[in-house]
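The values are calculated or read from the model by the stated rules, or taken from the named source; none is laboratory data. The shown structure was predicted, so the numbers you read here are calculated from the model rather than taken from an experiment. Please note: Cβ atoms are built from the backbone with ideal geometry, for glycine as well, and neighbour counts cover all protein chains shown.
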């Protein structure tokens with residue numbers, strides 16, 4: 001279940017909140033703009049699931065109370081996925097990815113001495129802790 005937004009920050013409460021696709025669609029699809037982003041998110045998540053993805057984290061202004069978020073941000077674990085099944089537009093840069101899917105997905109684990117996105121996404125620009133959504137890809141239509 002996805003909890004209510006924090007009234008002061010507009011973010012989800014601190015932590016990782018597991019959710020099914022129907023929960024994500026109902027919770028974050030309250031206007032036409034958000035439903036268009038959800039359609040792109042569904043295409044992206046379905047492609048990644050079909051390529052073998054087992055971990056998908058959803059973040060960004062899309063999972064806040066912002067009425068018209070620009071996009072969504074996500075990360076996934078590419079380990080064990082079949083690279084030939086991943087839509088190549090996911091590797092052609094931010095602009096192409098956003099144009100096709102309405103948002104971005106990045107590898108959860110970065111190379112080198114960098115904070116994993118799973119941790120990085122759980123703070124806002126000011127360093128304040130916030131919540132994220134872990135989407136159960138097995139619940140996609």
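Points to keep in mind about this one:
- Which listed residue, of 123, 115, is more than 24 Å from residue 36 (Cα to Cα), surrounded by 12 or more Cβ atoms within 10 Å (Cβ to Cβ) and free of Cβ contacts under 8 Å to residues at least 24 places away in the same chain: 123
- Test: residue in region 47-55 that is over 15 Å from the mean Cα position of the chain (by Cα), more than 19 Å from residue 119 (Cβ to Cβ), surrounded by fewer than 16 Cβ atoms within 10 Å (Cβ to Cβ) and modelled with pLDDT under 95: no
- Any chance residue 27 is surrounded by fewer than 16 Cβ atoms within 10 Å (Cβ to Cβ), under 14 Å from the mean Cα position of the chain (by Cα) and either over 27 Å from residue 99 (Cβ atoms) or touching a residue at least 24 places away in the same chain (Cβ under 8 Å) (or both): no
- Tallying residues that are closer than 17 Å to residue 14 by Cβ and not in a helix (DSSP H, G or I) within region 119-141 yields 14.
- Out of 134, 86, one residue alone is in contact with a strand residue (DSSP E or B) (Cβ under 6 Å, 6 or more places away or on another chain), at pLDDT 95 or above and under 15 Å from residue 49 (Cβ atoms). It is 134.
- Cβ-Cβ contacts under 8 Å between residues 6 or more apart (or on different chains), taken from a first residue in region 30-56 that is closer than 12 Å to residue 101 by Cα to a second residue that is modelled with pLDDT of 95 or more and exposed (fewer than 15 other Cβ atoms within 10 Å of the Cβ), are listed as 42/141; 47/85.
- Scanning region 89-100 for residues that are touching a strand residue (DSSP E or B) at 6+ places or on another chain (Cβ under 9 Å) and surrounded by 15 or more Cβ atoms within 10 Å (Cβ to Cβ) turns up 90, 97, 98.
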